[in-house]
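Visitor: Pasting a structure here, questions to come.
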Amino acid sequence: MLEITGLVAAYGPVRALNGIDLSVGQGAITAVLGANGAGKTTLLRTISGLLSPAAGTVRLAGRDITGGKPEDLVRLGMAHVPEGRGVIVELTVEENLRLGGLWRRDRAWLRTGTTAMFDLFPPLARRRHRRAETLSGGERQMLAIGRALMSKPRLLLLDEPSLGLAPRTAAQIVATLSTLRTESGLTLLLVEQNAATALSIADRAVVLNLGRKVADDEAASLAADDRVRRAYLEM
Ligand code: ATP
C-alpha cells in the first residue's frame with residue numbers, strides 16, 4: 001500500500017529523517033515507535049505532503065506521490081490525523097464530521113457516513129450538536145479520527161492518538177482502531193510513544209532513533225526483543 005525509500009527531511013540545518021525505508025502492507029497496522037525527537041511526526045508529515053522531502057520517494061498503491069499536495073493525497077485515499085487532534089473547535093461535532101466528508105462529493109455519504117461514525121464512537125452521537133471545544137480530550141480524538149474516516153481513506157496516518165488521555169480512554173480508542181482494521185480492511189500507520197499500547201494492536205513495527213530506522217520487524221518479535229526494548233522503547 002505504501003512504499004518509502006531513502007526518505008530524507010530537514011528543518012533548515014536540522015536533519016529530522018536520514019534515509020528511511022518503510023513498507024506498509026495493505027490492511028495491516030504498522031506502528032512507528034521511538035523516543036521524543038526521533039522523527040516520527042516528521043515521517044507522517046512528509047508522507048502526507050505537509051513537508052517536502054529533501055530526498056527519497058513515497059509511493060501509494062504503486063503511484064509516486066512524493067511531495068504531493070495534502071489535498072490531492074486526500075483524494076487519492078490518504079488521511080492524516082495530526083498530533084494535537086485536528087478538529088475545528090468552533091464547529092459542532094456533526095459539522096466537523098461533514099467537513100471531513102466533503103472531499104467525497106457524495107451527499108448521501110455525508111448522512112450515512114456521519115451515522116456510521118456515531119455508531120463507531122457512541123459518545124460523539126450524544127454530543128452531535130455541541131461545539132468541539134466542549135469535548136473532552138478523548139472525545140476530541142474520536143472526532144479527529146471520525147473526521148478523517150469521513151474522507152473514506154485507504155490509508156490512515158495517526159499521530160499519537162493516546163497522548164494525554166486516561167488509560168481507559170486510550171484503550172477504547174485503540175480497540176476501535178483494531179476493529180476498523182478487521183471490519184473494513186483499513187491500512188494504518190500509527191505513531192505512538194506508548195510502545196506497549198501500539199504493539200498490542202500492530203502487525204509490524206519500526207523503531208526510529210535520531211532520524212534513522214533502527215528496528216523493523218513483526219510486532220510480536222519486537223515486543224520480545226530485549227535489546228530493542230531496553231535501548232529504545234522504555235518497556
Ligand atoms: P515527538 O514525539 O516529540 O513529536 P518525534 O519522534 O515525532 O517526536 P519529530 O517531531 O519528527 O520527532 O522531530 C524530529 C527532529 O526534528 C527533532 O530533532 C526536532 O527537534 C526537529 N524538529 C521538529 N519540528 C521542527 C521544526 N518545525 N523546526 C525545527 N526543527 C524541528
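The values are calculated or read from the model by the stated rules, or taken from the named source; none is laboratory data. Since the structure is predicted, the reported quantities are computational estimates derived from the model, not experimental observations. A quick note on method: Cβ atoms are made from the backbone with ideal geometry, for glycine too, and the neighbour counts reach across all protein chains shown. Remember, those area values only see protein heavy atoms, side chains included, never the ligands or the DNA or RNA. Shrake-Rupley method; radii C 1.70, N 1.55, O 1.52, S 1.80 Å.
Visitor: Could you tell me which numbered condition THR46 fails, if it satisfies all but one of (1) within 16 Å of the ligand (Cβ to nearest atom); (2) closer than 17 Å to LEU188 by Cβ?
Guide: (2)
Visitor: Answer with yes or no whether SER178 is in a loop (DSSP other than H, G, I, E, B), open to solvent by less than 50 Å² (accessible area, probe 1.4 Å), touching a strand residue (DSSP E or B) at 6+ places or on another chain (Cβ under 8 Å) and at pLDDT 90 or above.
Guide: Values: in a loop (DSSP other than H, G, I, E, B): no; open to solvent by less than 50 Å² (accessible area, probe 1.4 Å): yes; touching a strand residue (DSSP E or B) at 6+ places or on another chain (Cβ under 8 Å): yes; at pLDDT 90 or above: yes.
Answer is no for this residue.
Visitor: Of all residues being within 24 Å of ASP203 (Cβ to Cβ) and open to solvent by less than 20 Å² (accessible area, probe 1.4 Å) in the range 6-25, which is nearest to the ligand (Cβ to nearest atom)? Just the residue, please.
Guide: The qualifying residue nearest to the ligand (Cβ to nearest atom) is LEU17.
Visitor: Then there's this: Out of all the residues in the range 166-185, is one or more closer than 20 Å to LEU43 by Cα and touching a residue at least 12 places away in the same chain (Cβ under 8 Å)? Break it down into steps so the answer makes sense when it comes.
Guide: Of the residues in the range 166-185, the ones closer than 20 Å to LEU43 by Cα are none.
Among the residues of the range 166-185, not one is closer than 20 Å to LEU43 by Cα and touching a residue at least 12 places away in the same chain (Cβ under 8 Å), which makes the answer no.
Visitor: Which condition does ALA144 not pass, out of (1) of a type in the set (A, V, I, L, M, F, W, C); (2) over 26 Å from LEU233 (Cα atoms); (3) touching a helix residue (DSSP H, G or I) at 6+ places or on another chain (Cβ under 6 Å), if it passes all the others?
Guide: (3)
Visitor: Are any of the residues in the range 80-90 farther than 30 Å from VAL24 by Cβ, open to solvent by 10 Å² or more (accessible area, probe 1.4 Å) and outside any helix (DSSP H, G or I)? Before you say what the answer is, go through the steps one by one.
Guide: First pass over the range 80-90, keeping only residues farther than 30 Å from VAL24 by Cβ: 89-90.
Those left that are additionally open to solvent by 10 Å² or more (accessible area, probe 1.4 Å): 89-90.
When the remaining residues are screened for being outside any helix (DSSP H, G or I), the result is 89-90.
Checked against the condition, which is being farther than 30 Å from VAL24 by Cβ, open to solvent by 10 Å² or more (accessible area, probe 1.4 Å) and outside any helix (DSSP H, G or I), the range 80-90 yields at least one hit.
Visitor: Just to be sure I understand the filter: pairs with C-beta atoms under 6 Å, separated by 6 or more residues or on different chains, first member in the range 186-211 and open to solvent by less than 50 Å² (accessible area, probe 1.4 Å), second member within 11 Å of the ligand (Cβ to nearest atom) and part of a loop (DSSP other than H, G, I, E, B). Which pairs pass?
Guide: VAL191/GLU160; ALA198/GLU192; VAL207/GLY34; LEU208/GLY34; LEU208/ALA38; LEU208/GLY39; GLY211/GLY39
Visitor: How many residues are in a loop (DSSP other than H, G, I, E, B), within 16 Å of the ligand (Cβ to nearest atom) and of a type in the set (Gly, Ala, Ser) if we restrict to the range 49-79? Before the answer, list the steps.
Guide: To start, the set of residues in the range 49-79 that are in a loop (DSSP other than H, G, I, E, B) comprises 49-54, 61-62, 65-69, 76-77.
Pick out the ones that are also within 16 Å of the ligand (Cβ to nearest atom) and you get 49-54.
With the extra rule that they be of a type in the set (Gly, Ala, Ser), the set shrinks to 49, 52, 54.
Within the range 49-79, residues that are in a loop (DSSP other than H, G, I, E, B), within 16 Å of the ligand (Cβ to nearest atom) and of a type in the set (Gly, Ala, Ser) number 3.
Visitor: Please tell me if LEU190 is touching a Leu at 6+ places or on another chain (Cβ under 7 Å) and either assigned to a helix (DSSP H, G or I) or not hydrophobic (A, V, I, L, M, F, W, C) (or both). If you could, list the steps in order and put the result at the bottom.
Guide: Details: touching a Leu at 6+ places or on another chain (Cβ under 7 Å): yes; either assigned to a helix (DSSP H, G or I) or not hydrophobic (A, V, I, L, M, F, W, C) (or both): no.
Here the answer is no, as LEU190 does not meet what is asked.
Visitor: ALA31: small (Gly, Ala, Ser), touching a residue at least 60 places away in the same chain (Cβ under 8 Å), open to solvent by 30 Å² or more (accessible area, probe 1.4 Å) and closer than 18 Å to GLN193 by Cβ, yes or no?
Guide: Numbers: small (Gly, Ala, Ser): yes; touching a residue at least 60 places away in the same chain (Cβ under 8 Å): yes; open to solvent by 30 Å² or more (accessible area, probe 1.4 Å): no; closer than 18 Å to GLN193 by Cβ: yes.
No; evaluated as a whole, the condition is false for this residue.
Visitor: Would you check if there is a residue in the range 86-109 being within 16 Å of the ligand (Cβ to nearest atom) and within 18 Å of the chain's Cα centre (by Cα)?
Guide: Start the filter on the range 86-109 by keeping residues that are within 16 Å of the ligand (Cβ to nearest atom), which leaves 86.
Checking which are within 18 Å of the chain's Cα centre (by Cα) leaves us with 86.
For the range 86-109, residues within 16 Å of the ligand (Cβ to nearest atom) and within 18 Å of the chain's Cα centre (by Cα): present.
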